[in-house]
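The values are calculated or read from the model by the stated rules, or taken from the named source; none is laboratory data. All values derive from a computational prediction rather than experimental measurement. No Cβ is skipped: glycine too gets one built from the backbone with ideal geometry, and neighbour counts run over all protein chains shown. Accessible surface is based on the protein model in full, side chains and every heavy atom, while ligands, DNA and RNA are left aside. Shrake-Rupley method; radii C 1.70, N 1.55, O 1.52, S 1.80 Å.
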Amino acid sequence: MTSILIIEDEPQICLSLEQFLRLHDFKVLTAKNGRQGVEIARLHFPDLILCDIMMPELDGYGVRQKLASDIHTDSIPFIFLTAKASLEDLRQGMNLGADDYITKPFKFEDILTSIEARLKRQKSLSLPYQQELKKLEILLQPSQINETSLSFSQLDIQQQFQLQIQNLKNIQKSVIPLLLFEIGQYLEISSSYSHATAYCLLGKVIDRFKQYFKSQGIETVITRLGGHHLALLLPLTSQIENITNIVHKLLETLEEDFYCNQQSIKLQGYFGIALATKDSENWDLLLNNAEIALQHTLHKKQSYQYYKPTLQIQLSRRYQIESLLNSAVEKQVFELYFQPQVNLEKHQVVGAEALLRWPNSTLGPISPLEFIPIAEASGAIHNIGNWVLHTACQQAQTWRLAGVDDFKVSVNLSPIQLCNKQLVKQIQTVLTATHLPPHCLELELTESAFIKYPDETRNIMEQLKTIGIRLAIDDFGTGYAGLSYLQNFPFDTLKIDRCFISKITQNIDSLAIVETIIKLTKKLKLDVIAEGVEQIEELKILQDYGCDTVQGYLFSAPCPVDKFQQLLQGFSFTVADLENEPIC
């Protein structure tokens with residue numbers, strides 16, 4: 001299936017183009033800005049690129065320049081889309097190697113005509129180009145990838161597929177397995193070390209795979225697709241579990257470190273798997289299905305995935321959500337809900353956790369569990385996080401000025417936000433703008449935030465503590481965090497995950513864990529909050545163990561500002577109150 005990359009910062013234009021091209025059986029990739037477009041082009045090597053010119057950070061001319069500097073992307077047909085229609089603009093685009101220049105507002109028929117013309121021309125040039133590129137790569141990297149690693153081309157693997165299809169027609173209940181492989185951190189390795197090192201690494205991966213297949217006597221065709229994808233066509237098989245076993249063995253070959261250009265590198269590999277049957281003889285469809293499965297593994301960070309039709313629906317939804325995310329903050333379509341944190345000794349609401357909600361008009365309400373990972377992967381989390389922080393602090397200050405004393409607001413901080421070197425400065429700016437005292441803000445960090453980059457995270461946390469901001473460790477006990485983290489990082493609060501709280505009335509082990517955590521926090525002079533409290537019995541146990549504060553549906557579900565405002569007015573509770581219904 002022919003793939004087209006749309007680089008367009010106007011979401012509505014991008015979505016319209018995407019829907020139009022999909023109706024004409026194109027595979028469509030989208031990028032919200034120039035920098036993301038360059039990354040996607042280098043990752044997926046589309047057959048053609050449609051690119052807007054006027055974009056923030058990196059405009060269309062900059063995109064074309066970057067792609068022209070890379071031998072792998074220079075020849076991709078490139079069409080500019082823009083409202084700039086002067087002769088000088090046209091000349092500048094063509095000088096950079098653009099194939100066409102379509103002005104806005106455009107007709108979809110013009111777009112289709114231009115695409116078909118460029119693809120037809122590219123097809124006539126592609127075969128000799130690929131042959132020359134293959135020769136050039138060998139010349140440029142003689143010590144990195146040997147001729148054995150490059151012994152099969154895309155044409156070879158397609159021809160082998162057609163041969164297997166003929167054999168498949170005579171064998172019942174068999175399939176042809178196609179595996180697509182990708183190194184998870186290929187681009188990071190390329191930028192951190194060098195392109196040559198990443199290229200060398202790919203060659204060594206091919207060698208390990210081939211050694212495994214040779215040791216097992218399995219005839220397999222392996223070739224490179226684009227820059228750093230590998231396609232592996234396995235022999236016919238009637239046993240799906242055999243395919244899974246092979247994938248597991250291939251993943252095992254990657255466990256030992258690789259050595260390239262005097263660098264020791266540990267990598268994570270991902271496989272997308274598609275199966276051809278005698279009723280599906282289309283190579284492009286098989287390849288597309290494997291790509292969809294691979295994209296799923298990359299998004300979910302799982303090692304492999306078999307293609308199934310529902311994955312295509314999920315992937316389309318993901319791209320749609322990512323497209324809508326681009327303008328969600330700008331259009332202020334997000335909402336903040338607040339869940340009260342209740343002090344058990346004072347019987348008072350002493351704070352609230354700010355929770356993000358997205359009531360999307362196109363897709364309906366979208367769960368944070370779905371859109372936050374997409375926002376983190378696309379980089380949109382930085383703008384979203386800043387909006388959440390500002391809105392939460394502004395609302396907390398409003399309540400304080402209305403007479404709610406000793407009130408703090410808790411805001412979740414994504415591990416991705418910790419990579420932002422301007423994070424501390426941005427938080428200071430928000431506090432200054434909203435006039436919220438620093439001790440009234442508590443930032444919640446999950447374990448992954450400080451386990452992956454402990455030194456960098458500790459440095460940021462110490463800067464935040466210097467300002468006077470409180471810090472909490474969220475979901476404690478669900479991962480790898482232990483006593484050493486509580487001792488070495490400047491936390492103020494520990495939040496016990498709801499998975500323990502929900503079991504303390506039935507499971508003696510969970511009961512012992514909760515009791516131990518509460519005693520530990522007391523010794524370390526930390527505050528403790530129990531999340532997910534939903535039953536009276538759970539509340540009584542937590543009171544007996546000396547838990548400071550609780551949060552959960554027993555008191556209130558997360559609620560919008562107006563309902564939370566009602567909750568703050570004359571809040572009090574007794575066990576009898578809670579036995580009837582939640583307070584909010």
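Side notes on the structure shown:
- Tabulated pairs, the range 326-340, first in contact (Cβ under 8 Å) with a residue 60 or more places away in the chain and open to solvent by less than 50 Å² (accessible area, probe 1.4 Å), second in a strand (DSSP E or B) and of a type in the set (K, R), C-beta under 8 angstrom, 6+ apart or interchain: L336/R357
- Conditions (1) of a type outside the set (S, T, Y); (2) closer than 19 Å to D492 by Cα; (3) over 30 Å from the mean Cα position of the chain (by Cα): number failed by Q551: (3)
- For the range 487-512, the set of residues classified as in a loop (DSSP other than H, G, I, E, B), open to solvent by 20 Å² or more (accessible area, probe 1.4 Å) and more than 19 Å from A449 (Cβ to Cβ) consists of S502, K503, T505, Q506, N507, listed by residue number.
- Taken over the range 447-472, the criterion of being within 16 Å of D492 (Cβ to Cβ) and among the polar types (S, T, N, Q) is satisfied by T457, Q463, T466.
- The range 454-468, subset charged (D, E, K, R) and open to solvent by less than 80 Å² (accessible area, probe 1.4 Å), residue modelled with the highest pLDDT: K465
- Any chance D527 is at pLDDT 85 or above, closer than 30 Å to P454 by Cβ, open to solvent by 60 Å² or more (accessible area, probe 1.4 Å) and not hydrophobic (A, V, I, L, M, F, W, C): yes
- Subset of the range 383-396 [crowded, with 20+ Cβ neighbours inside 10 Å and of a type outside the set (A, V, I, L, M, F, W, C)]: G385, T391, Q395
- Verdict on F181 being in contact with a Gly (Cβ under 7 Å, 6 or more places away or on another chain) and either buried (at least 16 other Cβ atoms within 10 Å of the Cβ) or outside any helix (DSSP H, G or I) (or both): yes
- For the range 242-323, the strands (runs of 3 or more DSSP E) that sit wholly inside it and include 3 or more residues that are crowded, with 19+ Cβ neighbours inside 10 Å are 269-276, 304-306.
- Residue list for the range 42-72, restricted to those being outside any helix (DSSP H, G or I), crowded, with 16+ Cβ neighbours inside 10 Å and of a type outside the set (A, V, I, L, M, F, W, C): P46, D47, D52, D59, H72
- Summed over the range 397-425, the residues that are more than 29 Å from N459 (Cβ to Cβ) and assigned to a helix (DSSP H, G or I) give a count of 4.
- Extreme residue, modelled with the highest pLDDT, among residues of the range 152-185 that are among the charged types (D, E, K, R) and within 26 Å of Q295 (Cβ to Cβ): E182
- Selection within the range 349-371 - in a helix (DSSP H, G or I) and open to solvent by less than 60 Å² (accessible area, probe 1.4 Å): P368, F371
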